[in-house]
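Q: First the structure, then my questions, so here it is.
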Amino acid sequence: EEALRESEAKIRAVLNAIPDLMFILNKEGVFLEYTEKIKADDLYLPPGEYLGKHVQEVLPPWLSKLTMEHVKRVLQSAQVQVYEYQLPIRDAMRHFEARMILSAKDQIVCIIRDITERKRAEEEVRKHRRDLQKLSAQLIDAQEAERRKISRELHDEMGQALVAMRLNLGTIERSLPSELPSSIGERLAETKSAVEQTLKHVRELSLTLRPSM
């Protein structure tokens, strides 16, 4: 009996040292006790409303059903059960994480942690991620618009100018007298070739700059 009292005292000391909310239920789902550090502001109802009552008497129907489902799982498997839920407390929606652990005499220790701040932080991370994705998409759109603009300018303006130069060079070549020095003809041929190569490169650049489908 002395050893049992010492063991219970140690357990009570450990339970009171844990900052999370903590209840002890029996296998029928009746609240047996709670840790002394629980504050009424952290609970759906004042602590005294729980003791000796079944979960169905003090919790919303959906939460009492969820709680009893996990009580049965703990009793059947003897493994820790974890679940999350939300409750409106003091006109604000709060998020909680519940952990159920099987204790001696078919009693269940239920540790409840307020994870509202964690959920808020996770939502902030998701929001920042969405904003970053949106910004990235806008950046890609701006890059593609600029690429289309440059591609169009290369194709329409520079390409047309080079085509006009090629036509003019052909007209000049046909109008030259045959008795001109051969060096002039060679220079003219080189210029025509350079224009053709430049026109080819401009068209290739224009195609490369176009955004893919």
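Q: Return one number: the angle in degrees, 0 to 90 and rounded to the nearest 10, between the long axis of the Cα atoms of helix 2-17 and the longest principal axis of the Cα atoms of the chain.
A: Approximately 40 degrees, to the nearest ten.
Q: Exceeding 20 Å between C-alpha atoms, which entries from my cross-link table qualify? They are K53/K119; K27/K105; K72/K105; K53/K105; K72/K119.
A: K53/K119; K72/K119
Q: Give me the one-decimal Kirkwood hydrodynamic radius in Å for region 60-120, with the sum taken over alpha-carbon pairs.
A: 12.4
Q: Give the separation of the Cα centroids, region 133-173 to region 85-114, in Å.
A: 65
Q: Same structure, new question: Have a look at region 165-211 and give its Rg and Dmax from the Cα atoms, expressed in angstrom.
A: Rg, Dmax (Cα atoms, Å): 14.4, 51.
Q: Now for a different question. Mind checking the angle between helix 159-175 and the chain's longest principal axis? C-alpha axes, 0 to 90 degrees, to the nearest 10.
A: So the helix axis and the longest Cα principal axis differ by about 10 degrees.
Q: Treating the angle as unsigned and between 0 and 90°, give the value, to the nearest 10°, between the Cα long axis of helix 182-209 and the longest Cα principal axis of the chain.
A: So the inclination is approximately 20 degrees.
Q: If the only charges are +1 at each Lys and Arg Cβ and -1 at each Asp and Glu Cβ, what is the size of the charge dipole of the chain around the Cα centre, to the nearest 20 debye?
A: Dipole magnitude for the chain comes out near 440 debye.
Q: Considering only protein heavy atoms and a 1.4 Å probe, what is the carbon-and-sulfur percentage of the accessible area of region 113-160?
A: Carbon and sulfur atoms account for 53 percent of the accessible area of region 113-160.
Q: What relative contact order, as a whole-number percentage, does region 38-182 give when Cα pairs under 8 Å and 6 or more residues apart are counted?
A: Relative contact order for region 38-182 comes out at 12 percent.
Q: Here is a further query. Counting pairwise Cα distances across the chain, what percent come out greater than 32 angstrom?
A: 55
Q: Ok, one more. Can you give the accessible area per residue of region 87-213, in Å², using a 1.4 Å probe?
A: For region 87-213, the per-residue accessible area is 74 Å².
Q: Show me the ranking of peptides 48-56, 176-184, 94-102, 188-196 by mean Cβ neighbours inside 10 Å, starting with the highest.
A: Highest-to-lowest ranking by the protection proxy: 94-102, 48-56, 188-196, 176-184.
Q: Now for a different question. Of the options P177, L87, Y34, report the single residue whose Cα projects farthest towards the positive end of the charge dipole of the chain (beta-carbon charges: Lys, Arg +1; Asp, Glu -1).
A: P177
Q: What list of ³J(HN,Hα) couplings, whole Hz, do you get for region 142-152 from phi and the Karplus terms 6.51, -1.76, 1.60, once you set θ to phi - 60° and write x for glycine and proline?
A: 5, 5, 5, 5, 5, 5, 4, 4, 5, 4, 5
The values are calculated or read from the model by the stated rules, or taken from the named source; none is laboratory data. It should be emphasised that the depicted structure is a prediction, and the values quoted were computed from it without experimental measurement. Here the Cβ is made from the backbone with ideal geometry for all residues, glycine too, and neighbour counts use every protein chain on show. Remember, those area values only see protein heavy atoms, side chains included, never the ligands or the DNA or RNA. Shrake-Rupley method; radii C 1.70, N 1.55, O 1.52, S 1.80 Å.
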